[in-house]
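Inspection log for the structure reproduced underneath, given as structure tokens.
The values are calculated or read from the model by the stated rules, or taken from the named source; none is laboratory data. As the structure is a prediction and not an experimental result, all values here were calculated from the model. Methodologically, a virtual Cβ is constructed for each residue, glycine included, from the backbone with ideal geometry; neighbour enumeration extends over all protein chains shown.
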Amino acid sequence: MKGTFITFEGCEGVGKSRQIRYLEDYLKNNGIKYYLTREPGGTEVSEQIRSVILDGKNVAMTDECEALLYAAARVQLLKEVIGPKLEAGELVLCDRYIDSSLAYQGYARGLGVDFVEKINDYAIKNFMPDYTLFLDLPPEQAFKRKGGVDKGDRVELSGMEFHEKVYNGYKQLSKRDSERFIVIDASGEKHETHAKIIKALKEKGII
Ligand code: TYD
């Protein structure tokens, strides 16, 4: 791979989308060329797979099927977009990637890291990110910041338990793969978090 591949990870509500927007502004203002994509999605086929996965009507979908669909959307995105961009020497940013599958399907759904790694063999063997920015904020704090779980929104207790598992999964992954993971404390003010991301990317010589 000639280019640089950076992925963004984190639990729901940590401000990932906003931080990616801030980073885009920074890159544009500094004349740094990049390509931003997201998972699941990023190609026509992968976006179609995304709508099947996230369709609330598909209650019959098994955890295994879900994990395989994420992997299928990923292979398409890699072959069609990310691979060629990296080959051309570009800086590629991806909103979620393999670690989402490991944290959500592997840890939180309980399929196990081995199973998820096996079905993501193509991504793991050929396209591991150079760095993964993990926005670290425990779900409880993220939901509090959003207005709280007590207000009776989508997140009930069982939902919270799931998000705790996702979070603990990410923590384990960040320890296991400490060279690749850049852990960003996202508990502060949004501009502080942005500054931490820029600092980390500069330290790694990416920008
Ligand atoms: P999205 O609306 O993009 O969420 P976010 O803004 O939090 O990134 O929806 C993506 C959802 O898919 C999110 O809940 C995480 C989940 N996901 C997995 O469970 N496994 C995966 O491999 C990926 C890429 C995403």
### Query
Just wondering, is there one or more residues in segment 67-82 that are away from the ligand (no atom under 15 Å from the Cβ) and either outside any loop (DSSP other than H, G, I, E, B) or under 30 Å from SER187 (Cβ atoms) (or both)?
yes
### Summary
Of (1) part of a helix (DSSP H, G or I); (2) farther than 17 Å from ALA108 by Cα; (3) not aromatic (Phe, Trp, Tyr), GLY188 satisfies every one except (1)
### Query
Of the residues GLY188, GLY169, GLY152, which single one is farther than 30 Å from GLU87 by Cβ and either at pLDDT below 95 or β-branched (Val, Ile, Thr) (or both)?
GLY152
### Members of segment 90-121 found to be within 11 Å of TYR70 (Cα to Cα) and either of a type in the set (Asp, Glu) or without any contact (Cβ under 8 Å) to a residue 40 or more places away in the chain (or both), listed by number
SER101
### Residues located in segment 1-39, provided they are among the small types (Gly, Ala, Ser) and either outside any loop (DSSP other than H, G, I, E, B) or touching a Lys or Arg at 6+ places or on another chain (Cβ under 9 Å) (or both)
GLY3, GLY10, GLY13, GLY15, SER17
## Note on the structure
Contact list, first residue from segment 41-57 and more than 15 Å from GLU80 (Cα to Cα) and near the ligand (Cβ under 10 Å from one of its atoms), second anywhere and among the acidic types (Asp, Glu) and assigned to a helix (DSSP H, G or I), beta-carbon distance below 8 Å, six or more apart or interchain, is ILE53/GLU66
### Message
Here's a check for you: in segment 101-135, which residue that is away from the ligand (no atom under 12 Å from the Cβ) and among the hydroxyl-bearing types (Ser, Thr, Tyr) is farthest from ILE198 (Cα to Cα)?
### Response
TYR122
### Task
Within segment 101-114, identify whether any single residue is assigned to a helix (DSSP H, G or I), in contact with a Pro (Cβ under 7 Å, 6 or more places away or on another chain) and more than 29 Å from ILE32 (Cβ to Cβ), and answer yes or no.
no
### Summary
Within segment 1-32, restricting to residues that are touching a helix residue (DSSP H, G or I) at 6+ places or on another chain (Cβ under 8 Å) and basic (Lys, Arg), the one that is farthest from the ligand (Cβ to nearest atom) is LYS2
### Failed item, numbered, when ALA123 is tested on (1) exposed (fewer than 15 other Cβ atoms within 10 Å of the Cβ); (2) of a type outside the set (Asp, Glu); (3) part of a helix (DSSP H, G or I)
(1)
### Query
Regarding VAL75, is this residue surrounded by 13 or more Cβ atoms within 10 Å (Cβ to Cβ) and either at positive phi or in contact (Cβ under 8 Å) with a residue 40 or more places away in the chain (or both)?
yes
